[in-house]
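Just dropping this structure here.
Computed from the coordinates by the stated procedures, all read-outs in this text should not be read as laboratory data. Just so it is clear, the structure is predicted and the values come from calculations on it, not from any experiment. In this analysis, Cβ positions are derived from the backbone assuming ideal geometry, glycine residues included, and neighbour counts consider all displayed protein chains.
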Amino acid sequence: MTLDALSDAAPTPAPGAPPPTTTDVAATRGRVFSGVQPSGLPHLGNYLGAFRNYIAMQEGYDAIYCIVDYHALTSTHDGEVIRRNAREMALGLLALGLDPERSILFRQSDRPEHLELSWLFSSVVPVSWVERTPSFKEKRRTQPDDVNHALLSYPVLQAADIAIYHAGYVPVGSDQAAHVELAREIVRAWNTRYGDYFVEPKAVFTDSPMIRGTDGVTKMSKSLGNTIDLFAPEAELRKQVTSMVTDTQRILRTDPGRPEVCNVCQLHRYFGEDYESIWEGERTARTGCVDTKRLLADRILSRFAEARARLEELAARPGLVEEILRAGAERLAPQASETVRVCHERMGLGPR
Ligand code: TYM
C-alpha cells in the first residue's frame, strides 16, 4: 500500500500537539512505527524508499521512529561503530526533517521491553517461519562465518518493535515487506492463542520502494558499497553519481539510450517534473550519460542543500541527539510497560 492509498488513518492531531503516547490500544489506530539500523548517515535509498514517508507521516499520524541497535548486533560486533553510527543516523533523520516535537525518535536499547516482548512472541513462532525469511537466507550466504542465533530471531524482534506500541502502519522499503508480513502472522498467532490484543500492522510504501545502487542492479545498500550518500562532501557525492552504471547497451555517445532500464534516468523521476524530456534526450542521443549524471548530481545537491546545512548545525550542538533520543525513549515507557504487563497477565507470568 502506498501512502496516497491510505485513507483510514486516525483523525489529525491538533497542530503543534506532541504525538500522544496513549496506552489505550483502541486509540492507536493511526499509529506509525518504523525502524532503521544504525548504519551511519542515510543514503538516497533510505530516503526515497522510506524516510520520505517517515517525514510525511508525522502529519496526521502518531509517529514513532527507532534506531534499532539491538538488531545491529546481528552483523556488527564493534561497539564503538554501532554507537557512532546510531548517532549519525539520528542526526541524518533530524536533518532530513524528523521533528521531535511531532514524532518520537528513540534508540531501541533504551527500551529493553522490546527484547522481552520478542521472547514472549518467539514462543508462538514456528522455527520454519524464521528459517524461510529472505533476509535470514541472504545473511547465511553473505556472512557464512557468523550465522548467529540473533539473525534467526531478527524478524521476531522486528515484530515486537512494531507491536509493543500497537502501530498499525509501518513505512518501509519493499525489502522489508516480508518482515512486516511476518509481523502480521506473529501477532495473529499470539492473538489466536491468548486473545485479541495486538494490531496487525500494514506496510506503507513510497512510489520508489526499491532504489537500485550505483551498480544499477542490486538494492542500494551500505553493505554493498553502492550508495549515494546524502551527506557526503560535494566532490564525493558527485563521484558516486558519476560512477553509476547506466544502460549497458549504450556504448557510443551516439547510441540511443533506454531510459526504462537506465538507473540514472529512473532516479531523475524523483528530482523534477521534466524527467520525460530528460528521457527523450537520452532516447534520441541528444544528451549523453555524462550530461544526465551531472544534472542528477546537481539536483540531488540542490534538493538536499537545506538538510546538509542543517546536519552541520545539529552536529555542532553536543548532547542534542542524545537528549532527543533519551526523551523519546522516556515518553514511550508507559506504553511499553503496559503492553508487557498485559502479556504477562494473559500468558501466565508472575502473580495474577
Ligand atoms: P534498514 O536499516 O536496512 O533500512 C531502513 C529503511 O530504509 C529502507 N531502504 C530502502 N528502500 C528502498 N530502496 C533501498 N535501496 C533501500 N535501502 C533501505 C528500508 O526498507 C527501511 O525501511 N529491518 C529493518 C529495521 C527494523 C524495522 C523494525 C523496520 C527493525 N525493526 C520495525 C520497520 C519496523 C532494516 O534493517 O532497515
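Near the amide H of residue 30, under 5 Å away, which other amide H atoms are found, from residues 5 or more places off or on another chain, if H is placed in the peptide plane?
Those qualifying (amide H under 5 Å, at least 5 residues apart or on another chain) are 10.
A further question follows. Residues in the range 31-55 near a label at residue 202, defined as backbone nitrogen under 18 Å from the 7 Å Cα→Cβ point?
Inside the label zone: 31-34, 53-54.
Whole angstrom only: what separates the Cα centroid of the range 156-188 from the Cα centroid of the range 315-352?
After rounding, the separation between the Cα centres reads 18 Å.
Same structure again: Calculate one ³J(HN,Hα) per residue across the range 238-255 by plugging θ = phi - 60° into the Karplus curve 6.51 cos²θ - 1.76 cosθ + 1.60, and present them in order as whole Hz with x for glycine and proline.
For the range 238-255, the Karplus-derived couplings read 4, 5, 4, 5, 4, 7, 5, 7, 9, 7, 5, 8, 8, 8, 8, 4, 7, 5 Hz, x marking Gly and Pro.
I've got another one for you. Please report how far the C-alpha centroid of the range 115-133 lies from that of the range 191-210, rounded to the nearest whole angstrom.
Measuring centre to centre over Cα atoms gives 16 Å.
Ok, one more. Ordered by residue, what ³J(HN,Hα) values in Hz, to whole numbers, does the range 300-305 give under the Karplus form 6.51 cos²θ - 1.76 cosθ + 1.60, where θ = phi - 60° and Gly and Pro are x?
Calculated HN-Hα couplings, in order: 4, 4, 6, 4, 9, 4 Hz.
Along each principal axis of its Cα atoms, how long is the range 119-250 end to end? Whole angstroms, biggest number first, please.
Each principal axis gives a Cα extent; for the range 119-250 these are 57, 34, 30 Å.
Evaluate the Kirkwood expression for the hydrodynamic radius of the chain, namely the inverse of the mean inverse distance over all pairs of different C-alpha atoms, and round to one decimal in Å.
Result for the chain stands at 21.5 Å.
Next question, about the same structure. Out of every Cα pair in the range 222-307, what percent are spaced more than 18 Å from each other?
When every Cα pair of the range 222-307 is considered, 41 percent fall beyond 18 Å.
Suppose R0 equals 25 Å. What FRET efficiency, 1/(1 + (r/R0)^6) with r the Cβ-Cβ distance, do residue 333 and residue 81 give to the nearest 0.05?
0.35
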